[in-house]
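Following: one structure in structure tokens, then a few remarks.
The values are calculated or read from the model by the stated rules, or taken from the named source; none is laboratory data. All values derive from a computational prediction rather than experimental measurement. We place every Cβ from the backbone using ideal geometry, glycine too, and count neighbours over all the protein chains shown. Heavy atoms of the whole protein, side chains included, go into the accessibility calculation; ligands, DNA and RNA do not. Shrake-Rupley method; radii C 1.70, N 1.55, O 1.52, S 1.80 Å.
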Amino acid sequence: MVSATDLLTLPLFEGCDPAHVDFFARHSADLHVVAGEWIVREDEGARFYVLISGTAAIVKTIGARPVELGEYELGDGFGEIPLLMGSGMLAGVRAVTDVRVARVDGTVFWRMMHDDERFAETVSNNMGRRVALVRHLAIERPSTVCNVLGDSRSPSCYQLRDFLSRMHVPFDWDERDGPECDVIFSEGTSLHSPAIRELAERLGLSAVPEHSCYDIAIVGAGPAGLAAAVYAASEGLDALLVDRYAPGGQAGTSSRIENYLGFPAGISGEDLADRALRQAQRFGADIVVVREVCRLEGDAGERHLVLEDGQTIYARAVVLAPGIEYRSLTAEGCSDFVNRGLYYGASQTEAAGVAGKNVHIVGGGNSAGQAALNFAGYAENVTIVIRGTDLGKSMSSYLVDRIRTSANIRVLTSSEITAAHGDQRLERITIANNDGTSETVDTAGLFVFIGAVPRTDWLEGVVARDKMGYLLTGPDVLQSGAPWPLERHPYFLETSQPGVFAAGDARLDSLKRVASSVGEGSSTISMVHEFLASVAENDPARRITKEHVGT
């Protein structure tokens, strides 16, 4: 345990009342951390730390990569800024050498600040220097990883920028005419008109799976898949998470999610996905992006996932969280302008580009409402187009209320887009009303949020689905009449294939909300544990391991 003697020799406690130092010591956790391990990670709850021995590095994630910002040495205290701000840790701290650390919670820290003038003075002086550093970091842009040169009217260039933004990779953008796009990296190398997969591999973001066999393979890195990866890895399962594009799924295109528990000021879909991704990686899950699963094969306890390049991954259990995608606008000309003024979803990439212009949003759900409010901060005018007569039928009331009081958002009810017009980029749209009238108006962007279809076509004939393609689980499997080979009933989130579970928006009757998807993703893991235990108990010979991957 920490004693006052351990602390009194440190500069932080020099001149402090020994009784106050003894109070601090008695309420401290005594942490011994070996070199290379984390003392505290970025975004963890704020506490105050004092380095009794050793050296530690300050590490912050910038552009999806850890960057060392400096070091703490013997006697340094840290954590006061997050406590002052009421935030999580602004950076992680990792032991460079074996270290010993005294840790107290906020109550003890503020008691010391109130009771001991010398301690408060020293901490305040340190705080002043660190606030200056935080200010410097806030205005000092992260090191640019690459520069993208291309035409914003090009769909391929849009996808490159969107992918880099979704993966939190800092980049510059230089506009130039022409269909081709170049990516120039900071060290001077470049890629000419790369595919997303090629760019991801160049950045080290699309790794080959570490193993050929896992306890659990999770398909889809939306909220449900990310939650499953976090809980699986944290509970000791070898977990693989595979996504066809980038983490976040449909939620990743949401400019702000304001009704998700624990974020009173809201959080963007990109940021929520980034935090969840880093959390899953922290617990040891293998993450593979820009790789698509094409087939599901094998029997219970020995599932095979076949990737688009033919690589096969073996898993004892599978969680399907492929998510959904927005329906396409079928109006005349719309297909010609996809990612050239017409976008499905609304990533942050396009927000600044509509400054002072008029934009249109199609759809009446929460995602449409969040996008409208986000664009209202940039665009001159935002118009929401819906077929229905009441925006409140499918949108949360808090969003409806804010839209109604926003001066530059208008809602066109009983209306629909019937045509899109333009040269190399969308320039105008035709809107028809139920009264038979129509108008053609200029637009700088059309953002579509209409309906959705599950990404489950690749599972046809393998896993039971309803007529719309949604995955059946639990009681719905039995009621559908789909074959079920076991005596026990399927678990609530288990599909018609034992050991294959479904979570999130692609599951029939899911609530299509971020919170419910996270709940389903995490809930699948308890059922996976039950399934794996039953496989080991009933047929241990069929239990595959990393040494036995089957044929």
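Results for (1) modelled with pLDDT of 90 or more; (2) among the hydrophobic types (A, V, I, L, M, F, W, C), shown as yes or no for each residue.
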| position | (1), (2) |
| --- | --- |
| Ala321 | yes, yes |
| Cys334 | yes, yes |
| Glu350 | no, no |
| Val354 | no, yes |
| Asn358 | yes, no |
| Gly363 | yes, no |
| Ala376 | yes, yes |
| Val400 | yes, yes |
| Ile403 | yes, yes |
Could you list, in sequence order, all residues of region 82-109 that are surrounded by 15 or more Cβ atoms within 10 Å (Cβ to Cβ), β-branched (Val, Ile, Thr) and more than 25 Å from the chain's Cα centre (by Cα)? Val96, Val99, Val101, Val104, Val108
Can you find a residue that is over 30 Å from Ile386 (Cβ atoms) and open to solvent by 10 Å² or more (accessible area, probe 1.4 Å) anywhere in region 427-450? no
So, first residue under 16 Å from Lys60 (Cβ atoms) and touching a residue at least 40 places away in the same chain (Cβ under 8 Å) in region 271-293, second residue part of a loop (DSSP other than H, G, I, E, B) and open to solvent by 20 Å² or more (accessible area, probe 1.4 Å), Cβ within less than 8 Å, six or more apart or across chains; the pairs are Asp274/Ala64; Asp274/His168; Arg275/Asp43; Arg278/Glu42; Arg278/Asp43; Arg282/Arg41
Six or more apart or on different chains, Cβ atoms under 9 Å: show the pairs whose first residue is in region 99-123 and closer than 11 Å to His20 by Cα and whose second is modelled with pLDDT under 95 and among the polar types (S, T, N, Q). Val108/Ser28; Met113/Ser124
Just give me the residues in region 453-500 being surrounded by 19 or more Cβ atoms within 10 Å (Cβ to Cβ) and aliphatic (A, V, I, L, M), in sequence order. Leu459, Val463, Ala464, Leu471, Leu472, Val477, Leu493, Val500
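Here is a list: Arg94, Arg47, Arg100. Which entry is over 30 Å from Glu270 (Cβ atoms) and of a type in the set (Lys, Arg)?
The conditions single out Arg100.
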Are any of the residues in region 379-399 in contact (Cβ under 8 Å) with a residue 60 or more places away in the chain, more than 27 Å from Ala251 (Cβ to Cβ) and of a type outside the set (A, V, I, L, M)? no
Taking Ala95, is it in contact (Cβ under 8 Å) with a residue 24 or more places away in the chain, touching an Asp or Glu at 6+ places or on another chain (Cβ under 9 Å) and within 21 Å of Arg278 (Cα to Cα)? yes
Can you name the strands (runs of 3 or more DSSP E) wholly within region 245-314 that have at least 3 residues being at pLDDT 90 or above and open to solvent by less than 20 Å² (accessible area, probe 1.4 Å)? 302-307
Has region 417-433 got any residue that is modelled with pLDDT of 95 or more and part of a loop (DSSP other than H, G, I, E, B)? no
State all residues of region 384-415 that are in a strand (DSSP E or B) and either within 17 Å of Asn358 (Cα to Cα) or among the aliphatic types (A, V, I, L, M) (or both); if no residue qualifies, say none. Ile384, Val385, Ile409, Arg410, Val411, Leu412
